[in-house]
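Engineer: This structure is in structure tokens; I'll ask about it shortly.
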Amino acid sequence: MSAARRTGGGLFGRPAAPVGTWLKIASGEPVEIMAYAGFDFVVVDLEHAPLDLQTAYRLINAAAALGMTPLVRVPDKTPSTIQKILDAGAMGILVPHVDTVDEAAAIGRACRFPPHGVRGAGGTSRAGAWGLRPNAEYLASGNDDVLCIPQLESAEAIKAAPEMLALDTVDAVFVGAADLSMSMGATPASPEVLELVASAIEAAHAAGKRCGLAFGGVPERAASAVRDGCDFVVLSNDTTMLAEAARGLVAGFREAGG
């Protein structure tokens with residue numbers, strides 16, 4: 001299957017733009033809450049949260065069981081980490097700080113079985129239903145369904161986006177506007193940053209692929225970005241949702257005279 005047709009277990013086959021959130025808490029309860037809240041997907045965050053592979057393993061399973069697409073933001077570009085995450089049942093990975101075409105090609109190969117890549121077969125893993133899934137089906141799913149999504153977080157990365165998206169092993173890109181803006185000495189709302197974000201979206205669409213963005217806890221901005229061409233969005237994260245709700249309750253109590 002070509003990259004333009006991979007759907008990540010149906011994530012990119014939805015009529016509306018998929019909305020997800022980051023998972024940073026090492027517990028299954030936030031996964032359940034996000035499913036009941038209506039999120040389409042979750043991203044287990046191994047880059048900016050103290051989560052280990054075993055915890056990621058459990059969160060991936062919980063998300064899939066609850067009908068959400070489980071993605072994982074890996075902490076680095078190491079093929080061995082990518083392989084373990086995919087064998088744990090993740091339907092895709094986000095890889096931070098992919099700046100060059102060579103880096104995108106390498107992570108793409110790490111996501112695919114030969115002859116399309118270098119991922120090792122592990123059919124006795126969860127992805128292979130513990131060895132009960134026919135091997136041909138396991139291998140085909142690994143090549144046809146799993147999403148490989150480089151994160152573009154520098155001007156260099158944005159410039160290389162058209163070539164990255166031309167790779168059959170790359171399915172979408174995700175623009176990390178916070179790191180992108182910091183690398184430029186600007187803010188996510190700066191015109192020069194917005195121009196680069198727009199160029200990444202344009203490059204993705206020209207390649208018949210998708211571009212995603214994160215928006216913290218501002219759903220109105222996310223909806224506006226979708227109207228402007230963004231294809232999938234990540235809103236807030238489990239820890240910040242808890243923190244903001246807790247602070248709001250205390251502030252409301254104090255303001256009410258408590």
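The values are calculated or read from the model by the stated rules, or taken from the named source; none is laboratory data. Just so we're clear, the structure is a prediction, and the values are computed from it rather than from any experiment. Backbone-built Cβ (ideal geometry, glycine too); neighbour counts: all protein chains shown. With ligands, DNA and RNA removed, areas are computed over all heavy atoms of the protein, side chains included. Shrake-Rupley method; radii C 1.70, N 1.55, O 1.52, S 1.80 Å.
Engineer: At 0.36 nm per residue, and after removing the present C-alpha to C-alpha distance, how many nm does the segment from E137 to M182 gain when stretched out fully?
Structural biologist: 11.9 nm
Engineer: Quick one: dipole size for segment 180-253, taken about the Cα centre, charges +1 on Lys/Arg Cβ and -1 on Asp/Glu Cβ, in debye to the nearest 20.
Structural biologist: With Lys and Arg at +1 and Asp and Glu at -1, about 140 debye.
Engineer: Let me ask something else about it. How large is the Rg to Rh ratio of segment 1-64 when both quantities use alpha carbon positions and Rh follows Kirkwood?
Structural biologist: Ratio of gyration radius to Kirkwood radius: 1.01.
Engineer: Also: At 25 °C and 0.890 mPa s, what whole-number value in µm²/s does Stokes-Einstein give for the translational diffusion of segment 1-117, with Rh from the Kirkwood sum over Cα pairs?
Structural biologist: For these conditions, the coefficient is 168 µm²/s.
Engineer: I would also like to ask the following. Quote the charge dipole size of segment 75-127 about the Cα centre in Debye, to the nearest 20; the model charges only the Cβ of Lys and Arg (+1) and of Asp and Glu (-1).
Structural biologist: Dipole of segment 75-127, to the nearest 20 debye: 260 debye.
Engineer: Next question. For the chain, which cysteines have no second Cys with its Cβ under 4.7 Å from theirs?
Structural biologist: So, C211, C230.
Engineer: Determine, from the Cβ-Cβ distance of Y36 and A155 and an R0 of 51 Å, the FRET efficiency 1/(1 + (r/R0)^6), rounded to the nearest 0.05.
Structural biologist: In this case the efficiency is close to 0.80.
Engineer: Name the residue, out of N135, N237, N61, whose mean-square fluctuation peaks in a Gaussian network model built on the chain with Cα pairs under 10 Å.
Structural biologist: The residue that fluctuates most here is N135.
Engineer: About the Cα centre of segment 83-164, how large is the charge dipole given +1 on each Lys and Arg Cβ and -1 on each Asp and Glu Cβ? Please answer in debye to the nearest 20.
Structural biologist: Rounded to the nearest 20 debye, it is 380 debye.
Engineer: Out of G13, G212, G89, any idea which swings most in a Gaussian network model of the chain, alpha carbons joined below 10 Å?
Structural biologist: G13
Engineer: Then there's this: Mind counting lysine pairs for me in the chain? Cα separation below 22 Å, and the two need to be 8 or more apart along the chain or on different chains.
Structural biologist: Step by step, the pairs that qualify in the chain add up to 5.
Engineer: Between H205 and E244, what length comes free when the chain is fully extended (0.36 nm per residue of separation minus the Cα-Cα distance, one decimal in nm)?
Structural biologist: Taking 0.36 nm per residue and subtracting the Cα distance, the gain is 10.5 nm.
Engineer: How much solvent-accessible surface does M182 expose, in Å² to the nearest 10, with a 1.4 Å probe and all protein chains in place?
Structural biologist: Taking all protein chains as shown, M182 has close to 130 Å².
Engineer: Students sometimes get this wrong: rank Y36, Y57, Y138 by accessible area, probe 1.4 Å, all chains present, largest first.
Structural biologist: From most accessible down to least: Y36, Y57, Y138.
Engineer: I've got another one for you. With a 1.4 Å probe and all protein chains kept in place, how much accessible area does E195 have, in Å² rounded to the nearest 10?
Structural biologist: 130 Å²
Engineer: Could you tell me the calculated FRET efficiency between Q54 and H116, based on Cβ-Cβ distance and R0 = 35 angstrom, to the nearest 0.05?
Structural biologist: 0.75
Engineer: On a 1.4 Å probe surface of the protein chains, which of T81, T7 comes out largest in accessible area, and what is the full order?
Structural biologist: From most exposed to least exposed: T7, T81.
Engineer: With every protein chain left in place, what is the accessible area of L194 in Å² (1.4 Å probe, nearest 10)?
Structural biologist: 90 Å²
Engineer: Just the number, please: carbon plus sulfur as a percent of the accessible area of segment 55-185, 1.4 Å probe, no ligands or DNA/RNA counted.
Structural biologist: 57 percent
Engineer: Something else: How large is the helix-only mean residue ellipticity at 222 nm for the chain, computed as the sum of -39500 (n - 2.57) over DSSP H runs with n ≥ 4, divided by its residue count, in deg cm²/dmol to the nearest 500?
Structural biologist: So the calculated ellipticity at 222 nm is -13500 deg cm²/dmol.
Engineer: While we're here: Hey, rough spin-label estimate for A251 and S27, points 7 angstrom out along Cα→Cβ, what's it come to in nanometres?
Structural biologist: Between A251 and S27, the simple spin-label model gives 2.3 nm.
Engineer: Same structure again: Report the far tail of the P(r) of the chain, meaning the percent of Cα-Cα pairs longer than 28 Å.
Structural biologist: 31 percent
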